[in-house]
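Structure record follows, encoded as structure tokens.
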Amino acid sequence: MEVQRLVLGIFNTNCYIISGKSLGKCILIDPADDAENIRKWLVQQNLVPEAILLTHGHYDHFLAVPKLQAFWKELPVYCHLLDCPMEKEEHDMGMVFPTVTALSNVRGIEEGQKLWLAGFEITVCHTPGHTKGSVLFLVEDGLFTGDTLFCNSIGRTDFPGGDDAQMHLSLRRISEIKGDYNVYPGHEGLTTLSAEKKYNPYLQCFCKDSGRLYQ
Ligand SMILES: [Zn+2]
Ligand SMILES: [Zn+2]
């Protein structure tokens, strides 16, 4: 599996391009913004996207979708059902932000579902807390965590649909994932599951062999 990261948009959101299994095909995770940049990169690499996967329904993770769908017609967008009908988010100053509902060709996904795309088997793991429909995507040795888990941190729970108690359960679930994975978060740097279990203060409480015991 080859994973390319593009950092896009005003929130420096990580967009990931996964390829290497089926010649010329790839998957886009969270095409955050700057569709032209994404398209240029794909054309340079002779890659055609087979699908777009969204880790959750926040607009800073999907702003490039309409333009990408103009370049590649019928490109499907997979997003958890609970983030699909996200009501219009009103933030401070009365600004209204776009939602997944406005996108076309959206397909709802749910816990435990398997997707076969661009030669990869992808498992959907529902981890609510940052939003109701936040998911992780498990692809080979990669764990795409969106805004649920960051390097040494976690996503906010104070936006609409956020929930501290659900986040707690989701983090416990992540801490119980066996084996090691490369972790590809929705913002900032890459990490590994073993490093997060050891050093991430939000996961440490679930992990017996965490770094806290030795500090
Ligand atoms: Zn978010
Ligand atoms: Zn985000």
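What to note about this one:
- With the simple model of a label 7 Å out from the Cα in the direction of the Cβ, LEU190 to LYS67 spans 2.5 nm.
- Computed from Cα atoms alone, the Kirkwood hydrodynamic radius reported for the chain is 17.4 Å.
- Shown here for segment 122-215: trypsin sites (Lys or Arg not before Pro) in loop regions (DSSP other than H, G, I, E, B) with at most 14 other Cβ atoms within 10 Å, namely ARG156, LYS178, LYS208.
- Stretched out straight at 0.36 nm per residue, the stretch from ASN12 to ASN37 would grow longer than its current Cα-Cα span by 7.6 nm.
- Each of GLU121 and MET1 was given a label point 7 Å from its Cα along the Cα-to-Cβ line. The distance between the two points is 1.2 nm.
- Mean residue ellipticity, 222 nm, helices only, the chain: the sum of -39500 (n - 2.57) across DSSP H runs of n ≥ 4, divided by residue count and rounded to 500, is -5000 deg cm²/dmol.
- Loop sites by DSSP among the GluC sites (Glu not before Pro) of the chain, restricted to those with at most 10 other Cβ atoms within 10 angstrom, leave 88-175 as the longest stretch without any of them.
- Within the accessible area of segment 2-214 (1.4 Å probe), percent carbon and sulfur: 52
- A dipole drawn for segment 2-214 from +1 and -1 charges on Cβ atoms has a positive end, and of CYS84, GLY24, VAL65 the residue lying farthest that way is GLY24.
- Within straight-line reach of LYS178, meaning a Cα separation under 18 Å, sit the following lysines at least 8 residues removed in sequence or on another chain: LYS197, LYS198, LYS208.
- Here the dipole of segment 2-214 is about 480 debye; that uses its Cα centre as origin and unit charges on the Cβ of Lys and Arg (positive) and Asp and Glu (negative).
- Protein heavy-atom accessible surface, 1.4 Å probe, per residue over the chain: 48 Å².
- Volume of the Cα convex hull of segment 105-206, divided per residue and given in Å³: 108
- In this simple spin-label approximation, GLN44 and ASN152 carry label points 7 Å from Cα along the Cα→Cβ vector, and these lie 3.0 nm apart.
The values are calculated or read from the model by the stated rules, or taken from the named source; none is laboratory data. What you are looking at is a predicted structure, and each value in this text was computed from that prediction instead of being measured. Using ideal geometry, Cβ is built from the backbone for each residue, glycine included, and neighbour counts are taken over all protein chains shown. The protein model used for the area step is the full one, side chains on, heavy atoms only, and it has no ligands, DNA or RNA in it. Shrake-Rupley method; radii C 1.70, N 1.55, O 1.52, S 1.80 Å.
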